[in-house]
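Below is one structure; the comments refer to it alone.
The values are calculated or read from the model by the stated rules, or taken from the named source; none is laboratory data. Predicted model only: the values in this text are computed from it and were never measured. Every residue, glycine as well, gets a Cβ built from its backbone with ideal geometry; the counts of neighbours run over all protein chains shown. Areas reflect the complete protein model, heavy atoms only, side chains present, ligands, DNA and RNA absent. Shrake-Rupley method; radii C 1.70, N 1.55, O 1.52, S 1.80 Å.
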Amino acid sequence: MIDERPNWFIILAEPNREGRAAEGLRERGIDAYAPKVLKRMVRRGRKVEVERPLFPGYIFAKLIEGVSDFSIPKRVVGVRDYLRFEGIPCAIQEGAVAAIRHREAIEMERAQRAITGVHNFAKGEPVRVAEGPFSGFAAEVYSLDPKGAITALVNLFGRKTKAVFNGAQLEKV
């Protein structure tokens, strides 16, 4: 019996062509998703934010087994093949793609806060360090810099130690 529900299939993309492959699939009527994340890189001596693939070399396409034409993705520029296990294209559940989309949105928001320096913290507010060497430690906002830097008192071995963070490195408790 053929499953009429659409599934997400993992597609192998050519290096650095994930976006082009996803766009080509969308032009052919296939729901395609290429998750991205903002990364801070140094180019020509300057720090810049660049959108990079979350999973380099992979994209997701929503197809219906037995109904959709499974040969279409292979004819799209930037697509190499399906990710296969024992010769069968690998399908993942809708919930997994939804979780990836949710995580992508959180990471993009965090990156945007880091870029703009906009944060929603107040002096004396308890926070948790989300990134960096103090990841997982509890802290308290000590001061807010107009340029976006946040000085926090991190609880290390029973003592409060000052450390400077950007808005993306801290989370509200």
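Of everything in segment 75-94 that's of a type in the set (A, V, I, L, M) and out of contact with any strand residue (DSSP E or B) (no Cβ under 8 Å at 6 or more places or on another chain), which residue is nearest to residue 61 (Cα to Cα)? Filtering segment 75-94 for residues that are of a type in the set (A, V, I, L, M) and out of contact with any strand residue (DSSP E or B) (no Cβ under 8 Å at 6 or more places or on another chain), the one nearest to residue 61 (Cα to Cα) comes out as 76. Do we find that residue 129 is in contact (Cβ under 8 Å) with a residue 40 or more places away in the chain, of a type outside the set (Phe, Trp, Tyr) and surrounded by 12 or more Cβ atoms within 10 Å (Cβ to Cβ) in this structure? So residue 129 passes the test. The set of residues in segment 97-111 being open to solvent by 90 Å² or more (accessible area, probe 1.4 Å) and modelled with pLDDT under 85 consists of 109 alone.
Summed over segment 29-67, residues that are touching a residue at least 60 places away in the same chain (Cβ under 8 Å), open to solvent by less than 40 Å² (accessible area, probe 1.4 Å) and outside any strand (DSSP E or B) total 1.
Working carefully through the options 124, 148, 158, find the one that is farther than 30 Å from residue 12 by Cβ and in contact with a helix residue (DSSP H, G or I) (Cβ under 8 Å, 6 or more places away or on another chain). Give the derivation first.
Details: 124 fails: in contact with a helix residue (DSSP H, G or I) (Cβ under 8 Å, 6 or more places away or on another chain); 158 fails: in contact with a helix residue (DSSP H, G or I) (Cβ under 8 Å, 6 or more places away or on another chain).
It is 148.
Going by the conditions given, is residue 72 within 26 Å of residue 131 (Cβ to Cβ), surrounded by 15 or more Cβ atoms within 10 Å (Cβ to Cβ), touching a strand residue (DSSP E or B) at 6+ places or on another chain (Cβ under 9 Å) and touching a residue at least 24 places away in the same chain (Cβ under 8 Å)?
Values: within 26 Å of residue 131 (Cβ to Cβ): no; surrounded by 15 or more Cβ atoms within 10 Å (Cβ to Cβ): yes; touching a strand residue (DSSP E or B) at 6+ places or on another chain (Cβ under 9 Å): yes; touching a residue at least 24 places away in the same chain (Cβ under 8 Å): yes.
No, not satisfied.
Kindly indicate whether any position in segment 34-52 is over 30 Å from residue 166 (Cα atoms) and at pLDDT 85 or above. No, because not a single residue in segment 34-52 is over 30 Å from residue 166 (Cα atoms) and at pLDDT 85 or above. Part of a strand (DSSP E or B), touching a residue at least 60 places away in the same chain (Cβ under 8 Å) and of a type in the set (A, V, I, L, M) - does that describe any residue in segment 85-108? Checking segment 85-108: at least one residue is part of a strand (DSSP E or B), touching a residue at least 60 places away in the same chain (Cβ under 8 Å) and of a type in the set (A, V, I, L, M).
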